[in-house]
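Take a look at the structure set out below.
Every number in this text was worked out from the coordinates using simple rules, so none of it is lab data. Treat the numbers as computed from the prediction; the structure is a model and nothing was measured. FYI the Cβ positions are ideal-geometry reconstructions off the backbone, even for glycines, and counts take in every protein chain you see.
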Amino acid sequence: MASDKTHPPTYDQIHPPQSNPNIPTIYSNVEQFNPTPATTTVIVTNTAVGPDPTTVTCPSCRATVVTRLEYETTTKTHVCAALLCLFICWPCVCIPYCSTSCRDANHYCPNCGSFIGTYRK
Ligand SMILES: [Zn+2]
């Protein structure tokens, strides 16, 4: 019984190697090694944080933490309160101070207490 064994196509026909372009020589000078720490500009307030506690890597203690929120009463809070007082009704004046929508959310690290970022509405 002659079974037709069809061999898989061999890859002998490799494309001819192209002429190598000028590969830049890799400088292996150890003396040229420069750590250059000048690029480590730490801008803590650029941390992307939201209105809710956010899981971030603390830039101070390098720990992955869930930020602790502290809401800061800002000028916008007073403006919201004033507008509510003038145009709606005065009992609503406490709403901006109670809700978080008119206040900045400051994120702090619960581990070391360092300031991480501010979320502004
Ligand atoms: Zn920390």
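Here are some notes:
- Condition met for Thr54 (surrounded by 14 or more Cβ atoms within 10 Å (Cβ to Cβ) and away from the ligand (no atom under 16 Å from the Cβ)): no
- Qualifying residue in the range 93-104 (condition: closer than 15 Å to Ala48 by Cα and out of contact with any His (no Cβ under 7 Å at 6 or more places or on another chain)): yes
- Residues of the range 57-94 classified as within 16 Å of the ligand (Cβ to nearest atom) and touching a residue at least 24 places away in the same chain (Cβ under 8 Å), total: 11
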